[in-house]
1. By what distance, in whole Å, do the Cα atoms of chain A stretch along each of the three principal axes, largest value first?
2. Run the numbers for A:K89 and A:A221: contour at 0.36 nm per residue of separation, minus the present Cα-Cα distance, in nm.
3. Taking amide hydrogens as modeled 1.01 Å from N in the peptide plane, which residues meet the under 5 Å criterion relative to B:S106, leaving out close sequence neighbours?
4. Multiply the residue separation of A:I249 and A:E308 by 0.36 nm, subtract the distance between their alpha-carbon atoms, and state the gained length in nm to one decimal.
5. Between segment A:305-372 and segment A:235-270, what's the alpha-carbon centroid distance in Å?
6. In whole Hz, what ³J(HN,Hα) sequence does segment A:120-137 give by Karplus (6.51, -1.76, 1.60; θ = phi - 60°), x for Gly and Pro?
7. What is the distance, in nm, between label points placed 7 Å from the Cα along the Cα-to-Cβ direction at A:K326 and at A:A117?
8. Can you give the convex hull volume per residue for the Cα atoms of segment A:50-164, as a whole number of Å³?
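Coordinate-derived values only; no laboratory data. Note that the structure is a prediction, hence the values are computed from the model and not measured. Cβ sites come from the backbone with ideal geometry, for glycine too, and all protein chains shown count toward neighbours.
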Amino acid sequence: MRKVLAPLLCLSMAACATVEPVPAARPLSQASIATMGPTKLSVTGNETGVAKAWFYTEVNGGGAGLVGAIAGAIAAAIINAAPSARAHKQANEVAEVQTVETLNTGLVAELKEEAAAGLSGPGVTFPNVVLTYKSATPGALDDTVEVVTSYTLSEDSSVLRIVAVATYNSAAIPYKTPYTFTKAVPKSETKGPLYRNTFTYYSIPLPVPTLTPELRERLIANIRESAMDASGALPLEDTAEYRTMQREIELANDDKLTPNETSLFLTREWLSDNGAMIKAEVQRAQDFVARYLILDINRTAIPSLTGEDELLETATDQRTVRRLGKGYEAGSYVSSAANVISFATYGNTVAIAKSTVTYIKGIKAAAPKAAK
Amino acid sequence: MTSWRSRAGLGVGLAATLLLQGCVTATPAIYGPIGPEVPYGYKDRPNPDGGHTVLVIMAGHATAAELRGFFERRAAELCPAGLERTNIFRVQANEYYAAAPYVYGSTGVGSRSRMGVELEGYVYCKAGPDVATPKTVVEGGAS
């Protein structure tokens, strides 16, 4: 047994030790830029809308056998019921003011505008900007720059984070790594897109409220209100809904305001004035993505793991745009609000609005008809 | 059997106590530059626009206020003639999510913990003696 295990262990350790990291960003070479010239740009239709981040607590009851596994599943359902319900409710509310459709058409419009301004320039240009839903047209598009986006409200809803990843694949121009490796070229560096970069935008953070007796009362009132059915009645005792509500009230009565509880107050702020704040942040984020993607596509500098961040832009409200200089994220772009004061976390899962799911189902259902 | 169980229980109890003590006795970071042997503290560098980038790293239990305290202290040191402005653009918690463990005869619950916290920002000094950037960069490129 040892004779088998020892070589296996050595092999597995050696495999870990020999992978040499490189930045995720892949700039185009001058030759690739010249070959590409005018290229199609496709915004991959976002299918999650503004998703609400929350933390799913995993429970493993397998250690206690089948009974334990069932007990574990029940425990997980109870623990996660309240945060999941809150996150989904908030995602639904946000989708009422900022639909997935407007997110996608908005980015297409921004990219079209930015691309039109650079059409006469040399290098890669985008005369054709389209919207493609993967639900309807699955698979990577050849000879097309594709932009995939995610819009996420942090766990406490203080920050809206928007991430866009742009890639370009071409069967005619395979990727060749610009890095040298002491041993064999890692498998990940022998394939994949010819171009890749990430553009991340963080909204102006909303101030997190301080827990006061008044705020605690508002929180409990909010929990009761959320638990009411359509007729305004609270759940009956001995029901799962009642137990969930009671557990939430118990948690609300402690001296800590969790990110999930904070989100109840902050999501409302995003929704005020018909979502004016969220719409303004989305537009600014899309403008950032469009401007920097079109600049970056013709940039050939190869990022290194040990460089320094570069400050590229400071707006009048002190928002900055940086190109990261080191680590896996080297070469990527980050637009950050000024004077950030607290942590924003993004949990391990997201809630998607019902209306978004319905909209995407509709697109998927209509796809075969459109193809006819 | 009973003896083995009670010993195991005692061992688990002791380990838990030690772990808890580890959490309780966490000491605040000592103000100073980050180095090869010093993982927590501050690190800064001058920027081409005349400002400085200041990075503060602390252990996971530190608060945003503690991070800001180090940042402001370092900013004051970099700008003896006073601060023109500062801009904190990143306050980040590096979290670790542990999957629910398999516990023999029991249930395990997944957890999250902060492995470290970071704050990064720019510092711009008022005109005057500047300890870290002797050269003066004139806005607009004119000199």
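1. Reported extents, whole Å, longest axis first: 70, 67, 52.
2. Details: separation 132, 0.36 × 132 = 47.52 nm, distance 1.59 nm.
Contour length minus Cα-Cα distance gives 45.9 nm.
3. When sequence neighbours closer than 5 places are left aside, the close amide H contacts are A:G63, A:A64.
4. Working: separation 59, 0.36 × 59 = 21.24 nm, distance 4.78 nm.
Full-extension gain reported as 16.5 nm.
5. Value for the Cα centre distance between the two parts: 29 Å.
6. 7, x, x, x, 6, 10, 10, x, 10, 10, 10, 10, 10, 8, 5, 4, 8, 10
7. Calculated label separation equals 3.3 nm.
8. Details: hull volume 19.7 nm³, N = 115.
Taking the convex hull of the Cα positions in segment A:50-164, it is 171 Å³ per residue.
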